[in-house]
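Heads up: the structure comes next, in structure tokens.
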Amino acid sequence: MADENVDFNEESLEQSLKDIDQRLLRQLENAKKSMDREPAYAVDVCRSVLSKYPSCVEVRKMLRDAQFKKAGKIGFGAKAKAKIQGAIFALKASKQIKNGNGLEVLNEGEDILSDCPENPLVLNAMADAAQSLHYWGTAAECYRAISVFEPTNDANLILLGNAYLKSKNPEEALAVGDSILRRNGGNGDAQSLVRSASVMKTMMDKWKESSSSFRENIKDSGEAADLEKQGGMMNDAETLTRIVERLAVQIKQDPENVNLYRDICASLRMLKRYEEALDYVRQARKQPLGAADTTLEKLEQEFEMSIMERQIAEAEEAVAANPNDASLKEKLDTLRKEEHSKRVEMARLMVERYPNDFGNRYIYGKLMLDDGQLDEAIMQFQLSQRNPNVRLQSLLGLGRAFVLGKKYDLAVDQLETAKRESKLMNDSKKEIIYELAHAYELMGEPDKAFNEYKEIYSSDISYKDVSAKINAYYENKNKA
């Protein structure tokens, strides 16, 4: 049923188009213009952008529209195949979500939808993943996609309406509720949805008109500040501190509620009170539902690293203020070494505990590459490339490891594969091509290196030292 207690404290962690890099925005605009003619290109562009901004609802919606256009009229055979794929995916996704891998579910789901977007099992699993990440708008978009080909599926429409409420879109929720009631005026869930949406819309309208008068209508001034904070109007230290104090009391009353620990840590992170946040995470991990929660384990590591990074920043400031103090420099050097060792140890433990989490293997591989442990780095990258989210970067890592090991032909093989699989000339592809050109140079193949550098030069003359390399090549050629 729709929740009639409208909750302004449901925080969404999503991004919007204004958060996206301008260069990627231009690519999106071009893809949108050519969607009718080249929907496959629009799909590739949207997938590329979502790899960097997975919570951007507008891009997710554009991707879904492009997938529907690309698929066209879907036959019975394709739908039957999609149903089987969806059932398998849904089972796998449920486990991944419990393990805190919601982003992987979203990405893998898009792989299936790119072949057949009419797949309710996949879209429902993706909605669950989105909600686990507090991507309420993304969840709504998944349910909206189902409504495109199942327009009278009232159960799905109720889920859609509730997701709109969570994402603070009461007008959309009202429209969904009204569409159901026009067909079935006695639907209790739809009636509840409409009431909830109406309350939220009224409150938000008053909020927009006058934040002060809105606050006066709420008895608890602390609640008023919290509502404004969650709505994006306030994020000052005083408001966050009040939220922390309230949550601390709630945790004492309900110590096994892991979500309370997550909420207090989110506010403590914004206050940069990392030591307290770390203490709460460790308390959460002692609770029955927190012991096996990998997201809490990663959060614990994040706060540990944040504390060390702050110590390093403070030491750097001290050295900058006293550049001739050898003891301060020694302390800074020690802190940096400890931080790096801690990072390596954490990555190693994550690989040991979760050997099938290839994202962790990529992180560990990068650290091993930085330390010059080439064989270990190569092994990790060879495994991590199985994760589509880090496949290209894993191939790039392999290429760099082989270059450092002077195995240039092996480096070229990996980098050419990465280049071939990169669809868009973005920064990631330029980096791959640059490393490929460098490998050709080291092999003594200047013409092949030039052709690779030229490809970057043709799209971005300012990238690294590509301009200088192109000019040097022509000068040498003219001298000859």
The residue from Lys73, Lys52 that alone is without any contact (Cβ under 8 Å) to a residue 40 or more places away in the chain, closer than 20 Å to Met425 by Cα and open to solvent by 30 Å² or more (accessible area, probe 1.4 Å) is Lys52
Going by the structure shown, is Ala155 open to solvent by 50 Å² or more (accessible area, probe 1.4 Å) and assigned to a helix (DSSP H, G or I)?
-> yes
Limited to the stretch 460-480, what total is found for residues that are open to solvent by less than 70 Å² (accessible area, probe 1.4 Å), in contact with a helix residue (DSSP H, G or I) (Cβ under 9 Å, 6 or more places away or on another chain) and either on the phi > 0 side of the Ramachandran plot or outside any loop (DSSP other than H, G, I, E, B) (or both)?
-> 5
Mind telling me which of the residues Asp7, Asp36 ends up being assigned to a loop (DSSP other than H, G, I, E, B), open to solvent by 60 Å² or more (accessible area, probe 1.4 Å), modelled with pLDDT under 90 and touching a Leu at 6+ places or on another chain (Cβ under 9 Å)?
-> Asp7
Tally of residues being at pLDDT 90 or above and either part of a helix (DSSP H, G or I) or out of contact with any helix residue (DSSP H, G or I) (no Cβ under 7 Å at 6 or more places or on another chain) (or both) across the stretch 269-299 = 13
Single residue of Gly444, Gly405 found to be surrounded by fewer than 18 Cβ atoms within 10 Å (Cβ to Cβ), of a type outside the set (Asp, Glu) and touching a Leu at 6+ places or on another chain (Cβ under 7 Å) | Gly405
Taking Tyr261 as meeting all but one of (1) part of a loop (DSSP other than H, G, I, E, B); (2) open to solvent by less than 30 Å² (accessible area, probe 1.4 Å), write down the number of the exception.
-> (1)
Counting only residues that are small (Gly, Ala, Ser) and either over 20 Å from Met368 (Cα atoms) or in a helix (DSSP H, G or I) (or both), which one in the stretch 380-424 is farthest from the chain's Cα centre (by Cα)?
-> Ala411
Out of the residues in the stretch 384-400 that are touching a Gly at 6+ places or on another chain (Cβ under 8 Å) and farther than 20 Å from Lys430 by Cβ, which is modelled with the highest pLDDT?
-> Ser384
Of all residues in the stretch 93-105 being touching a residue at least 12 places away in the same chain (Cβ under 8 Å) and assigned to a helix (DSSP H, G or I), the one that is nearest to the chain's Cα centre (by Cα) = Leu103
Identity of the residue in the stretch 10-33, outside any loop (DSSP other than H, G, I, E, B), closer than 21 Å to Ala130 by Cβ and open to solvent by 50 Å² or more (accessible area, probe 1.4 Å), that ends up modelled with the highest pLDDT | Leu17
From the list Lys298, Lys252, which residue is farther than 26 Å from Arg353 by Cα and not polar (S, T, N, Q)?
-> Lys252
For the stretch 52-69, indicate whether the set of residues that are in contact with a Phe, Trp or Tyr (Cβ under 9 Å, 6 or more places away or on another chain) and closer than 18 Å to Gly359 by Cβ is non-empty.
-> yes
Failed condition for Phe450, given (1) open to solvent by less than 60 Å² (accessible area, probe 1.4 Å); (2) within 24 Å of Lys366 (Cβ to Cβ); (3) not hydroxyl-bearing (Ser, Thr, Tyr), with all others met?
-> (2)
Would you mind stating whether Lys419 is more than 16 Å from Phe381 (Cα to Cα), open to solvent by less than 60 Å² (accessible area, probe 1.4 Å) and either charged (D, E, K, R) or touching a Pro at 6+ places or on another chain (Cβ under 9 Å) (or both)?
-> yes
Looking across the stretch 182-210 at residues that are farther than 28 Å from Glu58 by Cα and not basic (Lys, Arg), the single one that is modelled with the lowest pLDDT is Ser210
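The values are calculated or read from the model by the stated rules, or taken from the named source; none is laboratory data. No experiment lies behind these values; they were computed from the predicted model shown. Cβ atoms come from the backbone with ideal geometry, glycine included; neighbour counts cover every protein chain shown. These accessible areas exclude ligands, DNA and RNA; they are computed on the full protein's heavy atoms, side chains included. Shrake-Rupley method; radii C 1.70, N 1.55, O 1.52, S 1.80 Å.
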